[in-house]
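Let me begin by presenting the structure, written as structure tokens, before commenting on it.
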Amino acid sequence: MDLRQMEYLVTLADEQQFTRAAAVCGVSQSGLSAAIRGLEDELGTTLFNRTTRRVEPTDAGLALLPHARTMLAQAAAARDAVVRATRELSGSLRVGAEQCLGSVDVSGLLERVHKRYPLVDLDFTQAGSHDLVARVNDGTLDIAFVATGDHLARVNRVELGRRPIVLLVPSWHPLATADHADWSDLRDQDYVDFQESWAVRSLNDEACLAHGVARRVRCTVNDVHTLLDLVHRGLGVAIVPQHVASKPQAAGLVTVPLPESAPQWVVSAITGTPSSASASLLLDLLDSDLALTA
């Protein structure tokens, strides 16, 4: 057993689908499947029950999960100890992020920065990606985690992950039984969407406009859970990144794939030019975390 297999095991248990788990881990689906099969061969037992719709841990898988999480936590703690012993950081670190990005655990990252560097004055802001880009450009944020490719010419950018966007509908909606939705299916629908400062709103507006879909956005929100609640209540359908459709609060809603021409949700870390010392070190630490799953 190695750390990579443990990371795949934990991610597959959380995502309950090989495609999503592979996207989170940044590997091919075949690579992740092979790693899980190798682990099962090594242990001589099946760790997951596989169906066409969901992958769930077996009793053996559930028994292994807490040990896998402990191994990953201990590996992270070991890296932290090395960093603390070799590099000190003080001063301020101003961080921003859009809500529910999916490709990076911002809250967990902030917790680790706080524990690693108790001398750092950590300042965190949550806002839409377009507002965050503007704040990095004007120097009021050191680093931001965003999901937009607009207005990034003056910043340093590191891509962290990408996922498809999907249509989310109530179970009784006519499209709920469709294998996929064509662009023509998106016409004459009522929509729930985010405010204009959110990256996904721009992504949706531009994609629909490019394919001749005029949207009626009946409800405009500033919170993921409110969006899901309104879709549950039949106030409209929503176009969201795949990880939002996988949230527990989306249980009971139906995810409908969009055409291959639909854009992807791309998450990046951006810093000013030049980067502050604290932002550069945070990127180094983030890169170290991501290397665990590479």
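The values are calculated or read from the model by the stated rules, or taken from the named source; none is laboratory data. Owing to the predicted nature of the structure, the values given are computational and were not obtained by experimental measurement. Backbone-built Cβ (ideal geometry, glycine too); neighbour counts: all protein chains shown.
Values for this structure:
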| quantity | calculated |
| --- | --- |
| Top-ranked residue of region 152-163 - restricted to ones that are under 21 Å from the mean Cα position of the chain (by Cα) and surrounded by fewer than 17 Cβ atoms within 10 Å (Cβ to Cβ), ranked as modelled with the lowest pLDDT | 152 |
| Subset of region 198-233 (residues that are part of a loop (DSSP other than H, G, I, E, B) and surrounded by 17 or more Cβ atoms within 10 Å (Cβ to Cβ)) | 198, 213, 215 |
| Selected residue (only one of 168, 141 is in a strand (DSSP E or B), surrounded by 22 or more Cβ atoms within 10 Å (Cβ to Cβ) and not hydroxyl-bearing (Ser, Thr, Tyr)) | 168 |
| Residue count, region 28-54 (criterion: within 20 Å of the chain's Cα centre (by Cα) and buried (at least 20 other Cβ atoms within 10 Å of the Cβ)) | 1 |
| Which numbered condition residue 248 misses (of (1) within 24 Å of residue 103 (Cα to Cα); (2) modelled with pLDDT of 95 or more) | (2) |
| Number of the condition not met by residue 108 [criteria: (1) modelled with pLDDT of 85 or more; (2) over 23 Å from residue 194 (Cα atoms); (3) under 17 Å from the mean Cα position of the chain (by Cα)] | (1) |
| Helices (runs of 4 or more DSSP H) contained in region 3-73 and holding at least 1 residues over 25 Å from residue 251 (Cβ atoms) | 3-15, 29-43 |
| Unique residue being of a type outside the set (Lys, Arg) and over 23 Å from residue 104 (Cβ atoms) when the list is 15, 42 | 42 |
| Sole exception among (1) within 24 Å of residue 228 (Cα to Cα); (2) assigned to a helix (DSSP H, G or I) for residue 104, by number | (2) |
| Within region 112-138, considering residues that are among the basic types (Lys, Arg) and either under 18 Å from residue 266 (Cβ atoms) or touching a residue at least 40 places away in the same chain (Cβ under 8 Å) (or both), the one surrounded by the most Cβ atoms within 10 Å (Cβ to Cβ) | 112 |
| Cβ pairs under 9 Å, 6+ apart, first in region 95-108 and in the same structural domain as residue 11 (by TED's automatic domain parsing), second crowded, with 21+ Cβ neighbours inside 10 Å and modelled with pLDDT under 85 | none |
